[in-house]
Every structure is written in structure tokens, then in C-alpha cells.
Amino acid sequence: MPYTVPKLTDFSTPALDSAVRELLSALEQESAAVSSENDWKAFRDRWMARKSGVLTQLNDLWLKAAPGPGKREVGQRVNELRDRVETRVLETKEHCDTLSIARSIVDKRHPIIDLARAFIEASERAGGQTLTTDEAFSKAEPVDITLPGIRRSLGAEHPVIKTMNEIIGVFRNLGYSVEEGPEIETDYYNFEALNFPPNHPARDTQDTLFIAGQESKPLRERLLLRTHTSPVQIRSMEKMKPPVRVVCPGKVHRNDALDATHSPIFHQVEGLAVDTNITFCDLKGTLDHAMKALFGSSVKTRFYPSFFPFTEPSADVQISCIFCGGKGARDGGPCRNCKASGWIELLGCGMVDPNVYGFVDYDPAKVSGFAFGMGVERIAILKYGVDDIQLFFNGDVRFLEQFG
Ligand code: PHE
């Protein structure tokens with residue numbers, strides 16, 4: 001039965017007491033039933049609406065109806081009731097707002113979810129009694145809301161991967177596609193098909209990590225950790241017919257002791273272009289362009305005679321020193337980065353040796369091509385001014401986050 005304001009006829013103190021008690025109990029009951037913003041609006045209007053709210057009715061049915069001598073006491077009571085009603089309506093609003101915020105936070109799995117849940121639970125435990133935020137939290141399990149939150153820092157691309165992608169990007173723009181091969185290779189792909197015959201001294205230039213216990217297999221099937229990405233040249237040529245233009249990024253392994261410039265694990269990007277009429281000019285033009293794209297257009301390149309079993313002729317590519325601008329001197333002394341030579345050696349390359357075509361069924365009379373291989377860490381070291389290759393592998397976030 002909803003509460004209605006009675007028309008008073010008896011204005012004695014006990015009669016007033018009982019009317020007031022009845023009204024307050026209705027106020028509490030209706031306040032406790034409020035559980036949404038809409039409920040609260042209806043509750044507020046029912047008690048406070050100017051036209052026919054309970055407070056207005058009190059004026060009409062109690063105050064105005066009171067006989068002259070009793071007016072004072074009735075007036076006082078009505079004033080007190082007005083205060084109580086107004087306060088209760090505000091408190092109900094605060095409780096209702098907090099409850100709805102807490103519910104939406106819980107639904108959204110916000111980090112302060114536990115805090116919100118604590119509020120709702122405390123509010124439910126209070127059994128319909130309205131609570132202010134402070135009261136609710138004082139009844140809740142203690143939560144230290146001043147504790148710092150859990151920071152999720154953004155990851156950064158590893159500088160080796162970043163550099164590798166940059167190198168690949170340069171060649172992608174020239175129409176190269178990307179090929180990958182296994183890190184555990186056979187002797188055949190890592191050496192034999194690349195024109196390193198068994199027992200040839202050129203094998204000694206790469207300190208190889210062999211997989212143990214394979215002596216019973218024929219040499220060419222024995223497994224090892226690839227010492228370079230060049231085996232992917234062979235795998236690519238087995239897979240496709242000329243024209244071939246591929247870059248092959250990946251991890252390689254050598255039995256090298258680690259120091260500031262050596263690591264037993266490092267990365268290379270291999271390149272291979274085979275077509276009709278490819279000449280050393282194409283190789284020079286391609287690598288000159290690539291070095292300018294990676295290090296800036298003022299960089300010069302120089303091709304220095306070298307040897308690799310799978311290229312003939314072979315060359316080492318040097319770039320003009322990016323630290324001293326190729327002068328060999330810096331800050332009034334010799335440039336340390338290029339040992340005063342003005343040049344920095346960066347990669348190996350050459351024209352694919354015709355013997356290699358024999359292993360992949362290409363006709364050396366019809367096709368020609370070039371190959372190159374560059375160390376990714378070495379390029380990253382130069383590009384970013386890193387002074388120790390180990391920094392790439394130690395996993396120290398303070399170093400790595402600088403590349404974000
Ligand atoms: N594979 C050679 C190395 O690791 C580099 C190279 C690749 C040289 C392609 C020539 C052609 O040293």
C-alpha cells in the first residue's frame with residue numbers, strides 16, 4: 001500500500017508524532033527500493049514535486065489546516081521533515097549513481113573492478129539501507145586505491161628485425177620476393193651445392209657447428225647449423241626457373257667466440273638475381289642503390305676483389321665511412337671507425353659461379369646472375385651507432401626500448 005499524506009484533524013503532539021513516524025518510515029522504504037536512475041527520478045518527484053509532491057501536500061494538508069495555536073509546532077515539524085526528505089533524496093541519488101558507475105565498471109572489466117565489486121557487495125550486505133560511498137567502502141574489504149596500476153608498456157621491434165625489414169624493403173621495391181630456408185641444413189645445401197667440394201679448404205673459412213652422431217650418414221646428408229643464408233640460393237633455384245629475384249633473411253650460426261663484433265648467432269640477408277644477360281654492372285648498380293637507400297644518398301661504394309667458392313668473380317663491398325664522410329680523419333685525428341682508411345667493409349657478393357648452376361639444373365650457357373650476402377647486425381651497428389654486438393642478444397630492455 002503506497003503511502004498517502006493523511007489529512008490531519010488531530011494536531012496534538014502524540015498525533016503529530018505518529019504521523020511523522022509513519023511518513024519517515026515510508027520515506028526509508030521507498031528510498032531503499034530505488035535501484036536505477038529512473039527509480040530515483042520517480043522517487044524524487046513523488047516526494048519533492050512542486051505541484052503534488054509529499055512536501056507540498058504537507059503544506060496543504062498539515063500546515064494550512066492547523067488551527068492558529070498549533071501552527072507553530074506543525075510548522076516546525078514540517079520544516080524538519082522537509083530537511084529530512086531533501087537529504088534522503090540526495091543520499092539516494094548518490095548511492096544510486098555510485099551503484100550504476102560500479103556496475104558499468106564491472107561489466108567493462110575495468111581495473112578498478114574489485115573496488116566496484118566491493119561497493120556493490122557492501123551495498124547489498126546493507127540490505128536495502130542506503131549507503132554513502134564512504135560508508136560502503138568502510139564496510140568493504142580494504143583496497144588501497146593509491147597503489148600504482150599495472151603498466152603495460154608497448155613493445156618495440158627488435159633492432160635486428162627492424163634492420164632486416166629495412167633491408168628487405170629496399171629489395172622489395174626493386175621487385176625481389178622473400179624466400180626462407182631451414183636453420184638446420186645439410187652439408188649438401190650449406191657447402192657442396194655452393195661449390196665447396198668435400199675437404200676443400202674453403203670450408204675452413206666458416207667455423208661450422210655440426211650436429212653430433214651422424215657419422216653413419218653420407219657426408220652430403222649430415223646436418224649442421226647453417227653458417228650462412230647462401231643455401232637458400234640453392235633451395236630457391238631448385239624451386240623456380242629463371243628469372244629469379246629473391247632476398248633470403250635469416251639466422252646463421254658459427255663457432256665463433258663472442259666479443260664486441262662477433263656472436264655465434266647472427267643474421268644475414270642473402271640476395272640472388274638470375275636471368276639472361278645479368279652482368280657485374282647490374283650487381284654494382286643494385287648494391288650501390290641499396291647502400292644509398294640504407295645509409296643515405298651521399299654514401300659511395302667500392303668493390304674490392306675477394307673469394308667465395310660460389311661466385312666468380314667475387315667482391316667485398318665497401319662503403320665510404322659514414323662517420324668521417326670517407327675522409328679517414330675526424331676531430332683532428334684518424335677516424336677510428338674506418339681505421340683511417342675512409343672505407344668500411346660491409347658485404348660479400350659476386351657473379352654466380354657457373355658450377356652452381358650445374359647443381360640446380362640451370363643452363364650456364366643461357367643464364368647469368370649475381371648473389372650477395374650481408375650481415376644484419378653489422379649494418380645495424382653502423383646505422384644506430386651500437387658499440388657491442390652482444391647488446392642485440394642480451395635482452396636488456398633499456399637498450400631495446402630505444403628502438404621503439
Ligand atoms: N655467404 C657469404 C658469407 O656468409 C656471403 C656471400 C653471399 C658472398 C652471396 C657472395 C655471395 O660470407
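The values are calculated or read from the model by the stated rules, or taken from the named source; none is laboratory data. Here the structure is a predicted model, which is why all the values come from computation and not from measurement. Cβ coordinates were reconstructed from backbone atoms using ideal geometry, including for glycine residues, and neighbour counts include every protein chain displayed. Areas reflect the complete protein model, heavy atoms only, side chains present, ligands, DNA and RNA absent. Shrake-Rupley method; radii C 1.70, N 1.55, O 1.52, S 1.80 Å.
Evaluated at q = 0.09, 0.13, 0.16 Å⁻¹, a Debye calculation over the C-alpha positions of the range 52-199 (equal weights, vacuum) places log10 I(q)/I(0) at -0.65, -0.85, -0.99. The slack in the chain from K71 to E215, taken as 0.36 nm per residue of separation less the alpha-carbon distance, amounts to 40.3 nm.
Screening the chain for whole DSSP H helices of 15 Å or more along their axis (Cα) with average Kyte-Doolittle hydropathy at least -1.0 returns 13-32, 71-108, 113-125, 159-172, 280-295.
Extents of the range 12-58, largest first, come to 39, 24, 7 Å (Cα atoms, principal axes, whole angstrom). Label separation (E121 vs S298): 6.7 nm, computed from points 7 Å beyond Cα along the C-beta direction.
Amide H to amide H, with H built 1.01 Å from N, H228 comes under 5 Å of H253, counting only residues 5 or more places away or on other chains. Listed peptides 163-170, 3-10 appear in the order 163-170, 3-10 once ranked by packing, highest mean of other Cβ atoms within 10 Å at the front. Straightening the chain between D204 and E238 buys 9.6 nm, computed as 0.36 nm per residue apart minus the Cα-Cα spacing. Comparing mean-square fluctuations of L224, L283, L16 from a GNM of the chain with C-alpha springs under 10 Å, the top value falls on L16. Projected over all directions and averaged, the alpha-carbon convex hull of the range 59-128 occupies 6.1 nm². What the Kirkwood sum gives for the range 143-224 is a hydrodynamic radius of 17.4 Å, with every pair of different alpha carbons counted. Across the accessible surface of the chain, with the other protein chains kept in place and a 1.4 Å probe, carbon and sulfur atoms take up 52 percent. What is the calculated FRET efficiency for R82 to S104, with r their C-beta to C-beta distance and R₀ = 41 Å, to the nearest 0.05? After rounding, the FRET efficiency stands at 0.75. Solvent-free Debye calculation, one equal scatterer per alpha-carbon of the range 241-356: log10 I(q)/I(0) at 0.13, 0.23, 0.24 Å⁻¹ equals -0.63, -1.35, -1.37. Rg then Dmax, both in Å and based on the Cα atoms of the range 13-139: 17.9, 62.
I need the calculated FRET efficiency for the pair D396 and D10, taking r as the beta carbon distance and R₀ as 60 Å, to the nearest 0.05. Efficiency, rounded to the nearest 0.05: 0.10. For the chain, the share of alpha carbon pairs falling in successive 20 Å distance bins from zero is 20, 29, 12, 16, 16, 8, 0 percent. Excluding ligands, DNA and RNA, the accessible surface per residue across the range 253-340 is 52 Å² with a 1.4 Å probe. Computed with a 1.4 Å probe over protein heavy atoms only, the accessible surface of the range 13-139 comes to 59 Å² per residue.
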